[in-house]
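A.B. asks: Here it is: the structure, laid out below.
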Amino acid sequence: MRVIKVLFLLVFFFVCMLFFVQNTAILETPLLLKLGAFGFMVQSPAVPFYVVLLIAFVAGGLFCTLYFLAEKVRLATSVRSLQNKVNAMEKQLASQKKSTVAAPLVTPSYAAAGAATVAAAADAGASTDKKADA
């Protein structure tokens, strides 16, 4: 995977250099940026277009890096809190296992009800057999 990334970056760099070499006349034209609002006017010095293009590319890379850094911190915090929950649940499970080993096994209510109906059916079957014998 690392080799593929290096090859991709190499091809990207080559295409960018080819673009810059083939479009030097257009990229060297001076660019003047203006911003006017509420009677206030700001104007940049004349800079070549390629400088503006490179600054925009670097700014985009920085913004992406900051975004993913913030996302990584958020996910790390989430993982830490979830790990704390897992640890607390494991401790709770361990304490419950210790207490159930010492305490007798209690039959759940639904299992007891099922056993009672099975016992009642067995008694009914036994009384039918006694009548048949008589």
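Readers should treat all values here as calculations from the given coordinates under stated rules, not as data from a laboratory. The shown structure was predicted, so the numbers you read here are calculated from the model rather than taken from an experiment.
A.B. asks: Would you pull out the residues with amide H under 5 Å of Leu31's amide H, same chain only if 5 or more places away, H placed 1.01 Å from N?
C.D. replies: Under 5 Å from the amide H of Leu31: Val47, Phe49.
A.B. asks: Over the stretch 27-104, what is the relative contact order in percent, taking alpha-carbon pairs closer than 8 angstrom and at least six residues apart?
C.D. replies: Values: 33 pairs, mean separation 14.4, N = 78.
In percent, rounded to a whole number, it is 18.
A.B. asks: Here's something else I'd like to know. Tell me, what is a quarter of the convex hull surface for the C-alpha atoms of the stretch 24-70, in nm² with one decimal? Numbers along the way, then the final one.
C.D. replies: On the way: hull surface 18.8 nm².
Reported value for the Cα convex hull: 4.7 nm².
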